[in-house]
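The values are calculated or read from the model by the stated rules, or taken from the named source; none is laboratory data. Just so it is clear, the structure is predicted and the values come from calculations on it, not from any experiment. When we count neighbours, we look across all protein chains shown, and the Cβ atoms used for this are built from the backbone with ideal geometry, even at glycine. The area values use the complete protein model at the heavy-atom level, side chains included, leaving out ligands, DNA and RNA. Shrake-Rupley method; radii C 1.70, N 1.55, O 1.52, S 1.80 Å.
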Amino acid sequence: MNRIYIKELNKHTGKEATIKGWVDVRRDQGKMIFFDFRDMSGKVQGVILPGAKDAHEVGEKVRPEWVVEVKGKINKRPEKMVNKNEENGDIEIEILEIKVLNEAETPVFDIQSDGHEIGEENRLKHRYLDLRRPRLQKNIRNRAKVLKFVRDYLTDENFIEIETPILTKSSPEGARDYVVPSRIEKGKFYALPQSPQQYKQLLMVSGMEKYFQLAKVMRDEDTRGDRQPEFTQLDVEMSFVSQEEILNLTEDMFTKLVKEIYPEKKVTYEPWPRLDYDEVMKEYGTDSPDLRKDKNDPNELAFAWILNFPLFEKDKEKGHYAPSHHMFTAPKEEDISKLESDPSAVRSYQHDMVLNGYEVGGGSIRIHDSKVQERIFDLIGFDKNQKQKFEHMLNAFKYGVPPHGGIAPGMDRLMMVFENEPNIREVIAFPKTGEGRDLMMDAPSEIDETQLKELGIKITKDKK
Ligand code: ASP
């Protein structure tokens, strides 16, 4: 008999059906054994009646989390037994046959609770079990809905999804790179992308005009609650676009997304406020202010834009300027002359997207004039060698580059806020710890001598 998903069972009332899944709960009442079964679509109650001898024999052994195939009759529950607050609360499977597909040890922790009470190390080590808990099932399934929504939205707006390389060269977004040694060219390294920034700009030179990608990006920074060594950005780039158009598109996409996927939530401000960096700093002392009207309300989403950032920050250690965003962000036209006289007074076309006190995305209109780009390289103190690393960008820009700009909302932080979670690990299937470890896979880990030899690498261990 074909397997029926638990969610569909009510269409089979009065008939026989077979389900496959896990035992969620078992209540042995002697003559009758009650179960809740669970599959990816939902839960349902089942009962083995005293007459079903064979089923009884198996049912006595079966324990929670065992994997079973159950054949039974889908009965309407008598009026008194109907539970309106429970999914499938009006039906029950009268179990005729129960087959054990696999036994299970007792889980190392409770998987029915929300899990906040369990030590995180333990949860991450057994993440495959932790993910069974309803809260994480909901987070990961809603994440898929959110990703599908943005994919569909942008595709409908004539964007194309393009994958860019993971093995690449450093893209300087201001963090430390993760590097991968090359076997063929010993002593040389790839860098994992801190963002597909250069590729997406080069795709504009290629005439793609509207690009997006759900991009994995890697930054070797100290991890915090809202940071992971690798995370997912909705990377977007457009040609012939104004900052206003980027803001409008992003705002429309996320406002519609919230209405469709989180109808219980309220977007506080429509349109999203557009705030001046200087004023925000003066008023809130941070460039990612929490603008909710009621901070106790879990369903309030206060999106806002922060604009008019300074192009540079003064790097105190090195004594020269560092880009506030990244080195491809365009200065405002009216400030270009100040690049010579007073660089710290130059405003840029950076836009930051904030939500409930978190920076959830950033982007900018880019420089598309090689002379201005070179001038920025000088101001941030690049020597010849460093400039050479970006020769491909300057070269590409000689061949007819359209004005362009983009944005990269961070999907993990957005999901964290949408799901009212305290940190982004709760919305990532397999996150790393604060120390950057994957406790389940035990990564990072040592590699064997042969691998090291192939790569021409010798490890020198610091004696501490
Ligand atoms: N690459 C930038 C970032 O990762 C976003 C952008 O400028 O589009 O923050």
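Looking at region 413-459, the trypsin sites (Lys or Arg not before Pro) that sit in a DSSP loop and have at most 15 other Cβ atoms within 10 Å of their own Cβ are Lys458.
Just in region 376-464: which chymotrypsin sites (Phe, Trp or Tyr not before Pro) are loop by DSSP and have at most 14 other Cβ atoms within 10 Å?
Working: sites: Phe377, Phe382, Phe390, Phe397, Tyr399, Phe418; in loops: Phe382, Phe390.
Counting only loop positions with at most 14 other Cβ atoms within 10 Å, none of the chymotrypsin sites (Phe, Trp or Tyr not before Pro) in region 376-464 qualifies.
Which FRET efficiency value, to the nearest 0.05, do you get for Gln29 and Asn385 by plugging their Cβ-Cβ distance into 1/(1 + (r/R0)^6) with R0 = 51 Å? Working shown, then result.
Details: r = 78 Å, r/R0 = 1.53.
The pair Gln29/Asn385 has a calculated efficiency of 0.05.
Taking amide H atoms as placed 1.01 Å from N in the peptide plane, the amide H of Asp24 lies under 5 Å from those of Asp36, Phe37, Arg38, Glu65, each 5 or more residues away in sequence or on another chain. Annotation for region 8-38: trypsin sites (Lys or Arg not before Pro) lying in DSSP loop with at most 13 further Cβ atoms inside 10 Å of their Cβ are Lys15, Lys31. When the square roots of the Cα gyration tensor eigenvalues are ordered a ≥ b ≥ c, the ratio a/c for region 104-185 is 1.5 or more and a/b does not exceed b/c, which makes its shape oblate. The overall shape of region 284-438 is prolate: from the C-alpha gyration tensor, with semi-axes ordered a ≥ b ≥ c, the ratio a/c is 1.5 or greater and a/b exceeds b/c. Distances between placed amide hydrogens fall under 5 Å for Lys169 paired with Ala191, all partners being 5 or more residues away or on another chain. Amide H contacts under 5 Å for Leu96: Lys71, Gly72, Lys73, restricted to partners 5 or more places along the chain or on a different chain, H placed in the peptide plane at 1.01 Å from N.
Within the assembled protein chains, the solvent-accessible surface assigned to Ile162 is about 30 Å², based on a 1.4 Å probe.
The overall shape of the chain is prolate: from the C-alpha gyration tensor, with semi-axes ordered a ≥ b ≥ c, the ratio a/c is 1.5 or greater and a/b exceeds b/c.
Residue ranking by accessible heavy-atom surface, 1.4 Å probe, largest first, among Asp276, Asp222 comes out as Asp222, Asp276.
Ordering 264-272, 282-290, 444-452 by mean Cβ neighbour count within 10 Å, with the highest value first, yields 264-272, 282-290, 444-452.
Taking only C-alpha pairs under 8 Å that are 6+ residues apart, what is the relative contact order of the chain in percent? Please report the intermediate quantities before stating the final value.
Details: 855 pairs, mean separation 58.1, N = 464.
Dividing the mean separation by the residue count of the chain yields 13 percent.
The modelled label-to-label distance between Asp369 and Ser337, using points 7 Å beyond Cα along the C-beta direction, is 1.3 nm.
With the simple spin-label model, which puts each label point 7 Å out from Cα in the Cβ direction, the Leu214 to Asp252 separation comes to 2.2 nm. Per residue, the average separation of C-alpha pairs within less than 8 Å and at least 6 apart gives region 102-241 a relative contact order of 17 percent. Per-residue Karplus couplings for region 286-300, computed as 6.51 cos²θ - 1.76 cosθ + 1.60 with θ equal to phi - 60°, are listed in order as 8, 9, 10, x, 8, 9, 4, 7, 9, 6, 8, 8, x, 9, 9 Hz, Gly and Pro entered as x. Extension gain, Glu221 to Ala429, is 72.8 nm, computed as 0.36 nm per intervening residue step minus the present C-alpha separation. For Phe254, the solvent-accessible surface with a 1.4 Å probe is about 0 Å², rounded to the nearest 10.
Which percent of the accessible area of region 1-106 is formed by carbon and sulfur heavy atoms (probe 1.4 angstrom)? Before the final figure, lay out each step's value.
Details: 3040 of 6260 Å².
Roughly 49 percent, rounded to a whole number.
Packing, as the average of other Cβ atoms within 10 Å across residues, places the peptides 93-102, 227-236 in the order 227-236, 93-102, highest first. The length gained on full extension between Glu245 and Lys61, counted as 0.36 nm times the residue separation minus their Cα-Cα distance, comes to 59.9 nm.
Site pair His116 and Lys73 shows an inter-label distance of 4.5 nm when each label is modelled 7 Å from Cα along Cα→Cβ. Across region 254-271, rounded Karplus estimates of 3J(HN,Hα) from the backbone phi angles (6.51 cos²θ - 1.76 cosθ + 1.60, θ = phi - 60°) give 6, 5, 5, 4, 4, 4, 7, 8, 10, x, 6, 8, 10, 7, 4, 10, 10, x Hz, Gly and Pro being marked x. Residue by residue, region 21-38 carries 3J(HN,Hα) couplings of x, 10, 7, 8, 9, 10, 10, 8, 10, x, 5, 10, 10, 9, 9, 10, 10, 9 Hz when phi is fed to the Karplus relation 6.51 cos²θ - 1.76 cosθ + 1.60 (θ = phi - 60°); x denotes Gly or Pro. Sorting 402-409, 186-193 by average packing, meaning the other beta carbons within 10 Å per residue, from highest down gives 402-409, 186-193. Using C-alpha pairs under 8 Å with a sequence gap of at least 6, the mean separation divided by the residue count of region 171-219 gives a relative contact order of 40 percent.
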